[in-house]
Amino acid sequence: MKNILIIDDDIHIGNMLEEVLTKEGYGVSRAYSGTEALLYLSLQ
């Protein structure tokens, strides 16, 4: 399964993207800022 990191501070847009991508079979992770995304990626 492919994983996608959604980086967006708008909760509604992020929720919509997560729903669509999950239905398409992707694993989805969320970050709400660039700093949070960099932290997430450094832990992978």
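Each reported figure results from applying straightforward, stated rules to the coordinates on display, with no laboratory input. All values derive from a computational prediction rather than experimental measurement. We place every Cβ from the backbone using ideal geometry, glycine too, and count neighbours over all the protein chains shown.
Which of the residues belonging to the range 13-41 are of a type in the set (Val, Ile, Thr), in contact with a strand residue (DSSP E or B) (Cβ under 7 Å, 6 or more places away or on another chain) and in a helix (DSSP H, G or I)?
Thr22
Consider only pairs whose beta carbons are under 6 Å apart and that are at least six residues apart or on different chains; among these, list those whose first residue lies in the range 23-44 and is exposed (fewer than 10 other Cβ atoms within 10 Å of the Cβ) and whose second residue is among the acidic types (Asp, Glu).
Within 6 Å, no pair qualifies.
Restricting attention to the range 4-39, which residues are of a type in the set (A, V, I, L, M, F, W, C) and under 10 Å from the mean Cα position of the chain (by Cα)?
Across the range 4-39, the qualifying residues are Ile4, Leu5, Ile6, Ile7, Leu17, Leu21, Val28, Ala31, Ala37.
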